[in-house]
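So the structure is just underneath, and the comments pick up after that.
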Amino acid sequence: MNKISSIAAAALFALAAQAQAAVYTGSSANTGSASVDSSFASASQLFFDLSFARQGQVTLNFLVEAQDLGQTLSFNALVSNLSGLGFEAASVRLNGARFAAPAGTVSTDGFQPVLASGHSADSLWAQFGGPGVTTQFYIGNPLLEAGAQDWSLDLSGRQVGETFSITVAVPEPQTYALLLSGLAVLGWAARRRSV
């Protein structure tokens, strides 16, 4: 009986050691087609891969656990572009959490540079350069690159069982928006002439 108790205690300890930070509970407000892999999360570390099939945004929801409180969570994400069109910009918005100092990095796969970036307590943004050919960009340091740094999430004021969300948005490139608006004007003008 004592040996069984020891095995049960060891199993519980192993499960506690593998506890995840901020359990992923699903996504919502998905105006772009995206898939999420959040299996990389571990205690005090929140990591996910996000693959966009087209421009838009996705909100990922997380449940606060006891080990998330009283510390900052290390946060990074790898965002892939499967759309066939370039990403010209990206943004991240927090709801129920804040970015803590020091600031992390935003980088790309190297096909386009990060032209500009910035952040506030609850959001960050980046603008990419060149023709839209970015296939991946990185929030923080998901690839463990030298010189890159993860972001830190502060959950002060949250309680166990409450939720917070992270919205990642990849807006439609301005050139495509301009092209579509130009086509709409031409269509309107052609329709007006035929009346």
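Residue 96 - would you say it is open to solvent by 20 Å² or more (accessible area, probe 1.4 Å) and modelled with pLDDT of 90 or more?
So residue 96 fits the description; yes.
Please state which one of 59, 25 is open to solvent by 50 Å² or more (accessible area, probe 1.4 Å) and over 16 Å from residue 108 (Cα atoms).
Going through 59, 25 in turn, just one is open to solvent by 50 Å² or more (accessible area, probe 1.4 Å) and over 16 Å from residue 108 (Cα atoms): 25.
Tell me which residues, restricted to segment 32-56, are open to solvent by 20 Å² or more (accessible area, probe 1.4 Å) and under 19 Å from residue 103 (Cβ atoms).
Within segment 32-56, 44, 45, 47 meet the criteria.
What tally of residues in segment 66-80 results from selecting those that are of a type outside the set (Gly, Ala, Ser), more than 14 Å from residue 98 (Cα to Cα) and either modelled with pLDDT under 90 or touching a helix residue (DSSP H, G or I) at 6+ places or on another chain (Cβ under 6 Å) (or both)?
So the count comes out to 1.
Can you tell me which residue in segment 99-137 is least open to solvent (accessible area, probe 1.4 Å), limited to those that are of a type in the set (Ser, Thr, Tyr) and in contact (Cβ under 8 Å) with a residue 40 or more places away in the chain?
This residue is 134.
Of all residues in segment 58-107, which are among the charged types (D, E, K, R) and in a strand (DSSP E or B)?
93, 98
The values are calculated or read from the model by the stated rules, or taken from the named source; none is laboratory data. Predicted model, so just to flag it, every value in this text is computed and none were measured. Every residue, glycine as well, gets a Cβ built from its backbone with ideal geometry; the counts of neighbours run over all protein chains shown. Only protein heavy atoms, including side chains, enter the accessible area calculation; ligands, DNA and RNA are left aside. Shrake-Rupley method; radii C 1.70, N 1.55, O 1.52, S 1.80 Å.
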